[in-house]
1. What do you reckon, is SER62 surrounded by fewer than 23 Cβ atoms within 10 Å (Cβ to Cβ), at pLDDT 90 or above and either outside any strand (DSSP E or B) or of a type outside the set (Gly, Ala, Ser) (or both)?
2. Picking from VAL9, VAL4, which residue would you name as being surrounded by 14 or more Cβ atoms within 10 Å (Cβ to Cβ) and either free of Cβ contacts under 8 Å to residues at least 60 places away in the same chain or in a loop (DSSP other than H, G, I, E, B) (or both)?
3. Go through (1) crowded, with 18+ Cβ neighbours inside 10 Å; (2) part of a loop (DSSP other than H, G, I, E, B); (3) free of Cβ contacts under 8 Å to residues at least 24 places away in the same chain and name the single condition TYR111 misses.
4. Any idea which residue in segment 118-172 is farthest from LEU67 (Cα to Cα), counting only those that are among the small types (Gly, Ala, Ser) and in a strand (DSSP E or B)?
5. Considering only segment 114-166, state which residues are at positive phi and either hydrophobic (A, V, I, L, M, F, W, C) or buried (at least 19 other Cβ atoms within 10 Å of the Cβ) (or both).
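The values are calculated or read from the model by the stated rules, or taken from the named source; none is laboratory data. Given the structure is predicted, the values throughout are model-derived calculations rather than measurements. For neighbour counting, all protein chains shown are included, and Cβ atoms are generated from backbone atoms with ideal geometry for every residue, glycine included.
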Amino acid sequence: MAPVPVVGVDDAIAVVAGETHACIARQDGTVWCWGDNEHGKLALDSGLIVMKDAPVQIPGLSDIVALDAADDRTSAVDSAGFVWCWGDEWPPIPGDDAFDSWSVDGPYPDYLPTAVEGLADVVAVAVGGAHACALAFGGQVTCWGDNDYGELGSGVRWSTAPVKVVGLGPVM
């Protein structure tokens, strides 16, 4: 099958794809996504299953310079160096006390983009199956979420707050 242009997208600066959705950051700093909204991937109607075959703007985001997506979630970095996450709350958003009662099957109350507390000066974010990591200006790497396989780079089981990767100096 040959690639088909996404209608109305001719000014993208970044593109990412999750399991059943895709997103772009546009030159004007907005984020647009399409595909399946299950688990809030498109930030529509608290995670109801809605398919969109054309891009819809993700509310509450501006000046976005970087994106990443995995499975049912997306994260973005704005020009001020803050990280925003939405969709299935794996990885959990730091500071969310509901994390203890969550299961992979839901619920999914935080479908709108939420700022990750404790991060600043971020230049890139990477989203995994049940965790995320951020690279700050100057090279510091922090991660949060599940750590069943050591993916946080620390000895904790999981963390809703970003933790520094142990034994890793600044990454350049």
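1. yes
2. Details: VAL4 fails: surrounded by 14 or more Cβ atoms within 10 Å (Cβ to Cβ).
The conditions single out VAL9.
3. Every condition holds for TYR111 apart from (3).
4. Result: SER159.
5. Residue satisfying the conditions is GLY145 alone.
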